[in-house]
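First comes the structure, then the notes that go with it.
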Amino acid sequence: MANPRQPSIGYSVSITPSHPDTTSPDPEKISIPQPTLITPGAPRFPLPRFQQDQAPSPSLKTPNASSPANGLKTGSPIPHLSTPPGPPVFTSPVRPAAVPFRASPATPQPVAFSPGSSLPTSSPLNFSNGSHELQHELSNVTEDDIASVGESPYVLFSAHKVLKQKKQANIPSLGFGALVSPGREISPAPQIIQRDPHRCHSCGAYANIYCNILLGSGQWQCVICRELNGSEGEYIAPSKEDLCNFPELSSPMVDYVQTGNNRPGFIPVSDSRMSAPIVLVIDECLDEPHLWDLQSSLHAFVDSLPPTTRIGIILYGRTVSVYDFSEESIASADVLPGETSPSQDSLKALIYGTGIYLSPMHASLPVAHAIFSSLRPYKLKIPEASRDRCLGTAVEVALAIVQGPSGEMSRGVIKRSGGNSRIIVCAGGPNTYGPGSVPHSFSHPNYPHMEKTALKWMEHLGHEAHRHNTVVDILCAGTCPVRVPILQPLAKASGGVFVLHDDFGEAFGVNLQRASTRAAGSRGFLAIRCSDDILITQVVGPGEEAHMDTHETFKNDTSLYIQMLSVEETQSFSLSLENKRDIMTEYVYFQFTIQYLNVYQADISRVITIRLPTVDSVSAYLASVQDEVAAVLIAKRTLLRAKNYSDAIDMRATIDERIKDIALKFGSQAPKSKLYRFPKEVSLLPELLFHLRRGPLLGSIVGHEDERSVLRNLFLNASFDLALRIVAPRCLMHREGGTFEELPAYDLAMQSDAAVVLDHGTDVFIWLGAELAADEGKSAAALAACRTLAEELTELRFPAPRILSFKEGSSQARYFVSRLIPAHKDPPYEQEARFPQLRTLTTEQRTKLKSSFLNFDEPSFCEWVRSLRVVPPEPS
């Protein structure tokens with residue numbers, strides 16, 4: 001009988017079982033006590049605790065410590081991934097029940113699953129070839145062959161072991177899951193195989209390092225469905241050592257590559273015209289100060305582009321101006337009306353005309369600079385929010401320019417681009433004119449209907465862009481509200497990002513450059529297969545429902561298919577997993593297949609197979625939990641339901657209940673007390689969740705609903721490294737000699753003679769104590785060192801964070817203070833236990849530090865935990 005299919009999952013949609021979703025997995029552990037020293041000039045090397053979407057500081061040093069600096073438990077060195085997040089699941093007629101698919105995050109809904117008859121993996125295997133000697137001839141991979149379990153730079157599990165008992169494993173407060181980063185770039189890259197893979201004839205899984213091989217006949221046993229498959233004699237070998245010549249049998253990660261030469265109609269071209277174009281769509285309704293900053297950022301942007309990159313420039317206001325690069329000495333543009341979508345005739349006249357609207361930088365750099373220099377500020381005395389902006393029409397025109405012949409011709413041959421094309425919108429206000437627009441005023445009598453129509457139109461335009469392998473990024477800046485809910489569906493549906501900035505200055509310019517270079521591939525699909533005992537209940541991330549009926553080829557294919565909106569380094573998919581039943585086998589298996597087209601037009605099928613051991617012991621399971629991964633998974637599941645500020649307040653209560661439930665189900669009652677002890681194996685999890693509860697995602701730090709919405713969507717799709725930093729900030733104190741010491745993110749770090757760097761994902765803060773700031777020479781040196789460190793920490797992060805610096809006591813310092821745990825109210829012994837650096841201060845320094853704090857009602861971490869009737873976990 002065919003195994004029951006996995007439920008289908010929608011974009012940022014949760015697939016939930018019949019019980020309500022109150023939990024999630026735990027992350028990798030962050031050790032607080034032992035400081036990390038950072039010294040300038042030291043050689044670069046990866047620091048596990050550093051985000052992988054950022055370059056580690058060249059000055060990082062990790063002292064010997066009982067806890068690793070990255071917070072990973074000893075013996076569990078799991079590489080941190082940075083990649084795409086995602087959500088879809090596909091529905092098939094064969095499936096007993098389909099999960100409702102939604103195009104935006106939504107509250108989880110119960111899903112009915114029909115208990116189809118399936119072949120349990122614990123059953124004894126009966127092979128149809130009648131070979132009773134198979135068990136003796138199988139070449140079986142043992143722990144000696146594979147050094148570590150559950151490790152992959154592309155996949156992070158919340159635990160390295162799986163509980164066998166369904167009731168214990170499915171306790172929702174802790175949960176079990178994984179973060180998958182399909183677009184992550186690693187070095188060295190997976191081994192490349194340039195031949196067709198061997199796949200299971202029943203379920204479609206790929207032959208892998210964990211397969212049992214029948215050496216005499218070359219047959220291999222699928223780890224997912226346990227069926228026996230042929231290899232056309234390829235796997236016949238005298239010993240299992242000889243099988244190591246096959247990359248798929250010696251490595252858990254391989255890339256099957258089919259180059260274009262194997263595909264009809266492909267002509268390999270190492271030509272500038274093969275690079276995917278970038279079209280800038282620029283708001284021309286800006287006031288003078290904003291325009292100056294934007295011009296500076298645009299000039300720097302085109303100077304940073306490789307000479308082979310093709311670029312197009314479009315301006316929009318009431319009309320759409322498409323700039324022509326055929327005029328070398330002047331800025332010349334063709335103008336289209338903005339009130340309606342461009343007609344096919346007008347687009348044909350544009351595309352097939354004599355103008356050149358996409359041109360390589362080596363030929364058009366002076367023209368681009370001339371165009372940017374020619375921009376003028378908005379002249380009319382109309383409020384920013386009321387100015388006519390036909391953003392929708394401009395993106396339609398940009399999409400037409402990217403798709404069709406653009407005058408980019410060589411010897412009469414039009415060359416098509418490889419990889420994702422990119423449209424980058426530089427917006428300073430809302431879309432208030434033409435298709436997809438909303439009225440200037442919220443009080444317009446027909447506003448709700450027009451808003452609903454605009455949302456659908458923008459989402460449709462985003463899907464059109466994605467269908468043509470074009471990503472639309474929207475970078476907004478300035479003080480004018482841009483109506484985020486209207487524009488966000490355009491970016492999301494196309495696989496792009498939506499980023500808000502304070503102005504068009506430094507951070508905007510950096511994000512402009514990083515947006516243009518971050519794509520890894522297009523036409524991506526993610527297929528997930530797992531042992532029959534495991535059920536995927538929820539997927540969150542940047543993807544769409546994929547309808548792929550493979551049953552003519554693989555009759556028992558139960559895999560989950562996700563169409564990735566883009567294949568990028570900065571994204572990841574979060575999976576929530578459960579046991580379908582008690583597990584009787586020693587291992588469970590997971591296979592992730594990422595199929596995409598890279599920028600060189602090669603078809604890549606990346607196959608990642610992971611095996612996790614199963615255990616009866618709860619303590620053994622808890623010891624394998626990765627607190628940081630679990631915290632990120634919990635945060636994503638929670639944020640999925642926090643669609644607005646009111647929801648966010650409700651979600652804080654679920655965090656409280658989660659802590660109490662974990663202590664009740666996995667901890668023990670303290671002697672002579674009604675309080676419960678939190679399990680020591682996951683002692684770092686409560687503090688991470690406390691940061692989540694009071695930070696920008698669920699707390700009151702972010703004031704405007706637009707900012708909250710943008711941050712939420714960024715977080716749901718973010719790579720593990722960026723997501724972890726958004727949940728829990730990283731605190732580094734500047735020391736004499738230019739070194740940095742890593743400290744817990746407590747307000748006890750606010751010492752007047754010190755400078756502190758706080759990395760909170762989308763923001764990096766530099767705080768100078770009053771005593772240090774009074775010494776101009778020392779403060780300048782400390783500020784320069786902190787600034788350098790901040791830039792190094794976020795060198796590859798996208799979106800690039802704001803880097804803000806301020807002095808103790810200034811009004812801006814509140815941004816810094818609000819993100820630190822208020823530990824100054826705790827007793828001295830608790831302060832020293834959780835913030836050991838205090839022991840190095842003199843009595844006078846500690847008195848001065850204590851007197852510098854203002855008392856607020858907000859509880860400290862220890863007070864919060866005790867209020868939940870739980871004993872604060874011992875610091876590790």
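The values are calculated or read from the model by the stated rules, or taken from the named source; none is laboratory data. This is a predicted model, so every value here is computed, not measured. Cβ placement follows ideal geometry from the backbone for every residue including glycine, while neighbour counts extend to all protein chains displayed. Heads up: the accessible areas ignore ligands, DNA and RNA and are worked out on the full protein's heavy atoms, side chains in. Shrake-Rupley method; radii C 1.70, N 1.55, O 1.52, S 1.80 Å.
Data table
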read-out: Of the GluC sites (Glu not before Pro) in the stretch 508-599, those whose Cβ has at most 13 other Cβ within 10 Å and which sit in DSSP loop; value: 552, 586
read-out: The stretch 625-683 - convex hull of alpha carbons, volume per residue in Å³; value: 80
read-out: Surface accessible to a 1.4 Å probe, per residue, for the residues of the stretch 448-504, Å²; value: 36
read-out: Around residue 646: net Lys/Arg minus Asp/Glu count, Cβ-Cβ under 14 Å; value: +2
read-out: Distance between the stretch 703-732 and the stretch 330-362 - C-alpha centres, whole angstrom; value: 38
read-out: Values of log10 I(q)/I(0), in the order q = 0.09, 0.10, 0.18 Å⁻¹, for the stretch 571-704 under a Debye, Cα-only, solvent-free model; value: -0.41, -0.50, -1.14
read-out: Too-long pairs where the Cα-Cα distance tops 20 Å, listed order kept, from 167/665; 580/660; 456/492; 161/555; value: 580/660; 161/555
read-out: Fraction of antiparallel bridges per DSSP, the stretch 747-876 only, in percent to nearest 5; value: 45
read-out: The stretch 539-631: chymotrypsin sites (Phe, Trp or Tyr not before Pro) in DSSP loop, at most 13 other beta carbons within 10 Å; value: none
read-out: Phi to ³J(HN,Hα) by Karplus 6.51 cos²θ - 1.76 cosθ + 1.60 over the stretch 701-711, Hz, x for Gly, Pro; value: 5, 8, x, 7, 5, 4, 4, 4, 5, 5, 5
read-out: Cα gyration tensor, the stretch 686-773 - rounded (a/c under 1.5), prolate or oblate; value: prolate
read-out: Fraction of accessible area attributable to carbon and sulfur, the stretch 670-782 (%, probe 1.4 Å); value: 52
read-out: Carbon + sulfur, % of accessible area of the stretch 278-365 - ligands and nucleic acids excluded, 1.4 Å; value: 51
read-out: Percent carbon-and-sulfur accessible area, the stretch 468-535, ignoring ligands, DNA and RNA, probe 1.4 Å; value: 53
